[in-house]
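Engineer: Just passing along the structure, written as structure tokens.
Bear in mind these aren't lab numbers, they're just calculated from the coordinates by the rules spelled out. Predicted, not measured: the structure shown is a model, and the values here were computed from it. Cβ: placed from backbone, ideal geometry, glycine included. Neighbour counts: every protein chain shown.
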Amino acid sequence: MRGLKVMLDFDLAELYQVETRILNQAVKRNIKRFPEDFMFELTEPELDNLRSQIVISSYGGRRYLPYAFTEQGVAMLSGILKSDKAIEVNISIMRAFVLIRQYALTYKELAEELARIEQHHDKKFDDVYEVLNLLLAERKKKDLTDKRRRIGYKK
């Protein structure tokens, strides 16, 4: 929706094992934690389009438009909901964040080491590249001369 990957409030409520109304109450109580890039309310045309795509019944149901949550909103929800599943998801997100940070530090060290090696060996590689380029140029010249139409007597 709106060019973003989102999950709707009723799907998230099922995922976090809470009622949709409980999820929405928690969001409204913590609305400052959900800027527009974390969550937005669907418009009537968007809901109609959604109904036509996934065949949601237009009879009965909700009195208000559903909320759509981006990836950041889904993570924020796990921090404000009180269900066991939400707590479990929040712990998993925190662990993943720490692992990614550790990986980023390792990656930075690796990148620095590669840069140091590259600087040390650049001169040697420049010579190798020069020779390779000369060989390729000779090969290209030979290919062009082989493709020319021969003139003279045929044997």
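Engineer: In the structure shown, do any of K85/K108; K28/K82; K5/K85 have a Cα-Cα gap over 25 Å, and if so which?
Structural biologist: K85/K108, as the Cα separations exceed 25 Å there.
Engineer: For the range 7-82, with only Lys/Arg (+1) and Asp/Glu (-1) charged at the beta-carbon, what is the dipole magnitude about the Cα centre, in debye rounded to 20?
Structural biologist: So the dipole magnitude of the range 7-82 works out to roughly 460 debye.
Engineer: Looking only at Cα atoms, what is the convex hull volume of the range 7-82 per residue, in Å³?
Structural biologist: Roughly 95 Å³ of hull volume per residue.
Engineer: Can you tell me which of 105-115, 21-31 comes out highest on packing, and rank the rest after it, using the mean Cβ neighbours within 10 Å?
Structural biologist: My ranking of the peptides, most packed first, is 21-31, 105-115.
Engineer: Continuing with the same structure: Please list 3J(HN,Hα) in residue order for the range 5-15, calculated via the Karplus relation 6.51 cos²θ - 1.76 cosθ + 1.60 where θ = phi - 60°; whole Hz, with x for glycine and proline.
Structural biologist: My calculation for the range 5-15 gives 8, 9, 10, 8, 4, 6, 5, 5, 4, 5, 4 Hz in order.
Engineer: With each label point set 7 Å from Cα along the Cα-Cβ vector, what nm distance links D48 and K28?
Structural biologist: It is 2.6 nm.
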